[in-house]
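Notes follow the structure.
No lab work stands behind these numbers, since they all come straight from the coordinates. Not measured: the values here are computed from a predicted model. Heads up, the Cβs are rebuilt from the backbone with ideal geometry, glycines too, and the neighbour counts pull from every protein chain shown.
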Amino acid sequence: MKLDLVEGRFLRRYKRFLADVELPSGEVVTAHCPNTGSMKTLLREGARAWLRHDSNPKRKLPSTLTLLGVRGRGRALVDTALPNSIVAEAIAAGRVPELAEYRHHRREVKVGERSRLDLALGDGEDLDEESAACFVEIKNVTMLSASHSRRGDFPDAVTARGRKHLEELARLVSMGRRAVQFFLLGRTDCHEVSVDGGIDPDYRRSLIEAADAGVQLLAYRLEVGRGTLRLGKRCPVLLD
């Protein structure tokens with residue numbers, strides 16, 4: 001994924017969806033912050049920040065907070081509109097060997113009565129709950145573990161919605177489909193994903209139950225280049 005990003009200095013996040021960033025010129029811009037999580041371990045005043053610009057005249061705020069600097073020269077993906085596209089592009093390009101067998105994918109597929117999952121994969125073009133062979137739910141991991149310096153923890157806030165997704169994935173497995181919980185490790189300074197239950201023990205319990213039911217757990221690291229975001233190497237998912 002190619003992006004035209006502008007670097008600045010992070011000042012603050014407030015009212016949940018707003019962030020102030022100081023540009024090199026000294027101008028302070030208010031950017032949209034689409035991340036609904038706590039963003040714990042990320043919000044350091046003075047940290048490097050990268051914004052992407054949207055020229056849509058209907059947008060109230062043309063800038064979106066996309067990346068934040070973390071330890072060293074590390075970066076964290078905080079724009080929650082992007083992980084699904086990054087993963088979908090990688091799958092379509094055959095860069096996720098575990099999912100390379102499927103010819104087509106569809107985004108935001110309705111399953112059950114009131115749920116949607118991020119991706120449906122299969123051989124047909126018009127994929128839905130009945131025709132897809134595999135379903136993928138994607139979670140972005142950005143919180144630094146309190147106990148391990150190279151580990152990203154998920155979730156950073158209690159997530160009833162995340163537990164519902166796991167229930168749907170397990171239900172689909174019981175119907176003979178393949179289901180995958182995919183973690184994008186969105187911190188470049190971390191090498192593994194942990195779901196230790198410190199913030200949401202119910203999510204960890206649901207994840208273990210889903211894995212025992214046959215839901216596959218996959219995690220890949222994010223790679224950040226000059227104006228590019230792409231899927232990197234696979235990494236482990238730890239449940240203890």
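Figures for the structure shown
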quantity: Percentage of interatomic Cα-Cα distances in the stretch 83-238 larger than 26 Å; calculated: 23 percent
quantity: Amide H partners (placed H, <5 Å) of S194, local residues excluded; calculated: G152, D153, F154, L238
quantity: J(HN,Hα) series, the stretch 114-123, from Karplus relation 6.51 cos²θ - 1.76 cosθ + 1.60, nearest Hz, glycine and proline x; calculated: 9, 10, 9, 10, 5, 9, 10, 10, x, 9
quantity: Relative packing of 85-98, 52-65, which averages over residues the other C-beta atoms within 10 Å, highest first; calculated: 85-98, 52-65
quantity: Relative contact order (percent, whole number), the chain, Cα cutoff 8 Å, 6+ residue spacing; calculated: 15 percent
quantity: Proximal charge balance of E89 [Cβ under 12 Å; K/R count +1, D/E count -1]; calculated: +4
quantity: Net charge over other residues, Cβ less than 13 angstrom from the Cβ of G69 (K, R count +1; D, E count -1); calculated: +4
quantity: Rounded Å value of the spacing that divides the Cα centres of the stretch 95-134 and the stretch 15-29; calculated: 38 Å
quantity: The chain: angle of helix 83-92 to the longest principal axis, Cα-based, in degrees nearest 10; calculated: 50 degrees
quantity: Antiparallel DSSP beta bridges within the stretch 5-77, as percent of all bridges there, nearest 5; calculated: 95 percent
quantity: When each of K58/K110; K110/K164; K40/K164; K60/K110; K40/K139; K15/K40 is checked by Cα-Cα distance, pairs over 18 Å; calculated: K58/K110; K40/K164; K60/K110
quantity: Residues with amide H under 5 Å from that of N140, placed H, sequence gap 5 or more; calculated: L184
quantity: Extension gain from R150 to A100, taking 0.36 nm per residue of separation minus the Cα-Cα distance; calculated: 15.2 nm
quantity: DSSP bridge orientation in the chain - percent antiparallel, rounded to nearest 5; calculated: 70 percent
quantity: Positive minus negative residues near D202 (Lys, Arg vs Asp, Glu; Cβ under 14 Å); calculated: +1
quantity: Separation between Cα centres of the stretch 151-168 and the stretch 175-200, rounded to whole Å; calculated: 9 Å
quantity: In degrees, nearest ten, helix 160-174 long axis to first principal axis of the chain (Cα); calculated: 30 degrees
